[in-house]
Amino acid sequence: MVETARRASRRRTRLPPGSGRSLLGWFTGHRRPLPWRRNRDPYHIWVAEVLLQQTRVEQAVPYYERFILRFPTIRALAVAPVGEVLKVWQGAGYYARARHLHAAARELAARHGGELPHSVNELEELPGVGPYIARAIASFAFGAPYIALEANGLRVAARYTLDTGDVRRAAVRARLERALAATMPTGAAAQFNEAIMELGETVCCPVAPRCEECPLGGSCRAYRELEDPGSLPRRAAPKRRPHVRGAVVVLRQGDRWFVQRRAPTGLLGGLWEFPGGKIGLSETPEGAARRELREETGFVAGPLRHRGVVRHGYSHFTVELHVFEGTPRDRPRPRVAPGRRWVTRSQLLRLPIPKATEKIIRLLTPEAKDTTSPG
Ligand code: ADE
């Protein structure tokens, strides 16, 4: 008999009873003492989940500690200037996350008495809060019976149910959520969701999963039926990151450097940096440096000295920045525009700056030891 798609899907999602309990039992003995697990404060959980969206646990810990120390409550975050929030976030990357947290905190302080709402729908209306974070907050902080699946949880669920679908598709995610919901013990949403993530991070790893240590081993379909359970979920071939060549001008007057703030949104939005930009195909690095300086600031530099090359890898591209140093050819008119400043080195280190700018500062002043990011 030919199996219908519906029946095949039901077969796929029927999971052995009791697997949820085995998972919780395992979690009790293997739960790592992570700082965001110290309490169930909804705001602390929210900050952690935002950080963990694009940052691995070990990397996220120092950023989380620093952020919560400086902004322990929603109100503390709401009253801070955005520049300070970016400064505290500096080094964690994906700065839109910090800008959204800040905007959402302001909204909550203005309209919700500085508290996070309990309902998933209301949570999802906040800037930067998508379905996963809303469900994570609702289940971890308020015990609501939602399945919250991020990348680790999706991987565990896809292997457990032998689902070969693309986990980036909403229909596949919904199917995996339904499958897990069927095994979630009543009243244990928070522990269950966290246990799934913990399993994904420590045992059901992206490559070379440690199936012998898995509390679900016997009932995991990928383990039972695939030669390599690590082949699920199917991964798209990684894209090559394009390489960008850029030129930067460190314009100096005495002990001050000219810096400007990037546009408030978009890549590295709101961070401060030296003027510069891409080197055109037919340009020399110095030609590009002079052109960018003139176009972005109106300044014309005198002789420029090549100080070296700084390399940095962003998530979607890599850059090499040719760093030039010089002084303005004419006496610069004082510029009081809000996004432009002449700053000393220590003043610049107090502003939010990209990693590449940190590297440029180190190139210019190799003898100094201070850094600003915890990572
Ligand atoms: N990854 C995403 N959220 C997490 C959490 N709360 N604990 C550990 N890892 C996570």
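No lab work stands behind these numbers, since they all come straight from the coordinates. Remember, predicted model here, so these are calculated numbers, not experimental data. No Cβ is skipped: glycine too gets one built from the backbone with ideal geometry, and neighbour counts run over all protein chains shown.
Once the Cα gyration tensor of the range 221-375 is diagonalised, what are the square roots of 5 times its eigenvalues, in whole Å and ordered largest first, as equivalent ellipsoid semi-axes? It would help to have the intermediate numbers written out before the result.
Numbers: eigenvalues 289, 66, 42 Å².
Three semi-axes, in Å: 38, 18, 14.
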Review point. Using 7 Å Cα-to-Cβ label points, what is the Ala170/Ala337 separation (nm, one decimal)?
Key: 4.1
Check your understanding: Suppose every K and R has +1 on its Cβ and every D and E has -1 on its Cβ; what is the size of the dipole of the chain about the Cα centre, in Debye to the nearest 20?
Key -> 640
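I need the GluC sites (Glu not before Pro) found in the range 210-272, filtered to DSSP loop residues with at most 14 other beta carbons within 10 Å of theirs.
Working: sites: Glu212, Glu213, Glu225, Glu227; in loops: Glu227.
Answer by residue number: Glu227.
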Practice item. Calculate one ³J(HN,Hα) per residue across the range 265-281 by plugging θ = phi - 60° into the Karplus curve 6.51 cos²θ - 1.76 cosθ + 1.60, and present them in order as whole Hz with x for glycine and proline. Key: 10, x, 3, 6, x, x, 8, 9, 7, 7, x, x, x, 5, 8, x, 4
Check your understanding: Using a simple spin-label model with points 7 Å from Cα along the Cα→Cβ vector, what separation in nm is obtained for Arg307 and Arg291?
Key -> 2.3
Revision key, fill the gap. Stretched fully, the stretch from Arg345 through Glu283 gains (0.36 nm per residue minus C-alpha distance, one decimal, in nm) 19.3 nm
Review point. Over the range 243-364, what relative contact order in percent results from Cα pairs under 8 Å that are six or more residues apart?
Key: 34
**Study point:** Cα-based Rg and Dmax for the range 207-259, where Dmax is the largest Cα-Cα distance (Å)
**Key:** 25.1, 70
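Between Glu367 and Asn121, what's the calculated FRET efficiency when r is the beta-carbon distance and R0 is 51 Å? Round to 0.05. Display every interim value, and only then the final one.
Numbers: r = 55 Å, r/R0 = 1.08.
For Glu367 and Asn121, the calculated efficiency is 0.40.
Looking only at Cα atoms, what is the convex hull volume of the range 108-165 per residue, in Å³? Show your work: numbers first, answer last.
On the way: hull volume 5.4 nm³, N = 58.
Cα convex hull per residue, to the nearest whole number: 93 Å³.
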Review point. With r defined as the distance between the Cβ atoms of Ala208 and Glu65 and R0 fixed at 41 Å, what FRET efficiency is calculated, to the nearest 0.05?
Key: 0.85
Check your understanding: Farthest toward the dipole's positive end in the range 243-364, which of Leu349, Gly287, Gly302, given Cβ charges of +1 (Lys, Arg) and -1 (Asp, Glu) about the Cα centre?
Key -> Leu349
Review point. What's the long-distance tail for the range 62-179, i.e. % of Cα pairs beyond 20 Å?
Key: 52
Practice item. Return the sequence-ordered ³J(HN,Hα) values of the range 55-62 in whole Hz as given by the Karplus equation 6.51 cos²θ - 1.76 cosθ + 1.60 applied to θ = phi - 60°, using x for Gly and Pro. Key: 9, 6, 3, 4, 6, 6, 3, x
Check your understanding: Which of the lysines could a cross-linker bridge to Lys87, judged by Cα under 20 Å and excluding same-chain residues fewer than eight apart?
Key -> Lys355, Lys359, Lys369
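With an 8 Å cut-off on Cα pairs and a minimum separation of 6 or more residues, tell me the relative contact order of the range 196-289 in percent. Walk me through the numbers before you get to the answer.
Numbers: 88 pairs, mean separation 17.8, N = 94.
In percent, rounded to a whole number, it is 19.
Computed over the Cα atoms of the chain, what is the ratio Rg over Rh, Rh following Kirkwood?
Working: Rg = 25.0 Å, Rh = 23.5 Å.
Radius of gyration over Kirkwood radius for the chain works out to 1.06.
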Review point. What size of dipole, in debye to the nearest 20, comes out for the range 243-364 about its Cα centre when the only charges are +1 on Lys and Arg C-beta atoms and -1 on Asp and Glu C-beta atoms?
Key: 360
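With an 8 Å Cα cut-off and a minimum separation of 6 or more residues, compute the relative contact order for the range 2-231 in percent.
Numbers: 273 pairs, mean separation 54.0, N = 230.
Once divided by the residue count of the range 2-231, the mean separation gives 23 percent.
Nearest 500 deg cm²/dmol is fine: what mean residue ellipticity at 222 nm does the chain get from its DSSP H runs of n ≥ 4 alone, each adding -39,500 (n - 2.57), divided by its residue count? Each step should come with its number before you reach the end.
Details: 16 runs with 163 residues, N = 375.
The per-residue figure over the chain is -13000 deg cm²/dmol.
By its C-alpha gyration tensor, with a ≥ b ≥ c as the square roots of the eigenvalues, how is the range 54-107 shaped: rounded for a/c under 1.5, else prolate for a/b larger than b/c, else oblate?
Working: a/c = 1.93, a/b = 1.51, b/c = 1.28.
Judged from the Cα gyration tensor, the range 54-107 comes out prolate (a/c at least 1.5, a/b above b/c).
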Practice item. Hey, can you grab everything whose amide H is under 5 Å from the amide H of Val250? Only 5+ residues off in sequence or another chain; H modelled, so Pro and N-termini drop out. Key: Phe324, Glu325, Gly326
Check your understanding: What size of dipole, in debye to the nearest 20, comes out for the range 84-185 about its Cα centre when the only charges are +1 on Lys and Arg C-beta atoms and -1 on Asp and Glu C-beta atoms?
Key -> 320
Check your understanding: Taking the Cα-to-Cβ direction at His243 and at Glu320 and moving 7 Å from each Cα, how far apart do the two end points lie in nm?
Key -> 0.6
Point to revise | Derived scalar couplings ³J(HN,Hα) [the range 212-221; Karplus, 6.51 cos²θ - 1.76 cosθ + 1.60; whole Hz; x for Gly, Pro] | key: 5, 8, 7, x, 9, x, x, 9, 7, 5
